[in-house]
1. Given a 1.4 Å probe and the protein chains all in place, what does the accessible area of residue 70 round to, in Å² to the nearest 10?
2. Quick one: Karplus J couplings for the range 128-136, per residue in order, coefficients 6.51, -1.76, 1.60, θ = phi - 60°, nearest Hz, x for Gly and Pro?
3. At a 1.4 Å probe, what is the % contribution of carbon and sulfur to the accessible area of the range 105-190?
4. Assuming 0.36 nm per residue, please report the length gained on full extension of the stretch residue 183 to residue 73 beyond their Cα-Cα distance.
5. Above 19 angstrom, tally the Cα pairs of the range 66-193 and express them as a % of all pairs, no decimals.
6. Determine the order of 132, 88 by accessible area, beginning with the largest, at a probe radius of 1.4 Å.
7. Of all GluC sites (Glu not before Pro) in the range 93-183, which ones are in loop regions per DSSP and have a Cβ with at most 15 other Cβ atoms within 10 Å?
8. Suppose accessible area is computed on protein heavy atoms with a 1.4 Å probe; arrange 175, 86, 62 from highest to lowest.
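The values are calculated or read from the model by the stated rules, or taken from the named source; none is laboratory data. This is a predicted model, so every value here is computed, not measured. Ideal geometry is used to build each Cβ from the backbone, glycine not excepted, and the neighbour counts take in all protein chains shown. Note: areas computed on protein heavy atoms with side chains; ligands, DNA, RNA excluded. Shrake-Rupley method; radii C 1.70, N 1.55, O 1.52, S 1.80 Å.
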Amino acid sequence: MSTSSDSGPPRGGKSPPAGSSALQAATSVGALHLDAEALYRELLRGVKGLCNPQTRLVGVTSGGAWLAERLQHDLGLEGEPGFISSAMHRDDFARRGLAAGGQTLLNFDVNDAQIIILDDVLYTGRTLRAVMNELFDYGRPACIRLAVLVDRGGRELPIQPNFAAARVTLPSAQSLALARDEQGVFSFNVESI
């Protein structure tokens with residue numbers, strides 16, 4: 001199935017939430033085909049609409065960090081994007097331990113900053129809750145917005161993106177993750193867990 005931009009409501013008669021460009025359903029690993037580069041272009045458009053001259057981009061390691069780097073360049077924003085890890089504030093830290101992912105690096109004053117957090121895939125909301133806790137360890141932002149490449153539903157916490165390039169449905173036994181090749185081209189990996 002490929003993403004579509006038809007204007008009619010998706011199955012079930014509900015319209016997708018504001019800031020979303022597509023709704024997809026998948027029942028097996030082989031059924032989901034997402035063009036990560038096309039979704040990136042949609043994310044670029046959406047983030048551009050959320051930005052103002054004071055906006056700071058912060059990417060969640062690792063997929064969100066890749067998005068933040070590329071968006072920072074493509075939007076012509078000054079400075080470097082921030083990178084943030086959820087590792088120290090995860091509610092499953094005792095079970096998972098410290099992940100090998102990147103560390104938080106925020107080369108700007110978080111106090112009164114207007115921040116857009118970027119992530120590749122939003123699922124339960126638990127990673128974003130941990131990320132916001134980490135962000136507040138560095139200061140008190142004026143506002144935080146969230147933009148994601150894919151919102152896969154399945155929320156366990158009341159966290160919603162301000163912009164999602166696509167919305168998909170996957171069984172809980174599957175994971176979706178952004179990949180980046182040596183040339184910086186994005187793709188998705190869908191795996192059974």
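1. Accessible surface of residue 70 is approximately 70 Å².
2. Result, ordered by residue: 5, 4, 5, 4, 5, 4, 4, 4, 5 Hz.
3. That share works out to 45 percent.
4. 38.1 nm
5. Values: 4346 of 8128 pairs.
Tail of the P(r) past 19 Å holds 53 percent of the pairs.
6. Per-residue accessible area, sorted high to low, gives 88, 132.
7. Numbers: sites: 134, 156, 182; in loops: 156, 182.
Hits after loop and neighbour filter: 156, 182.
8. Ranking 175, 86, 62 by accessible area, largest first, yields 62, 175, 86.
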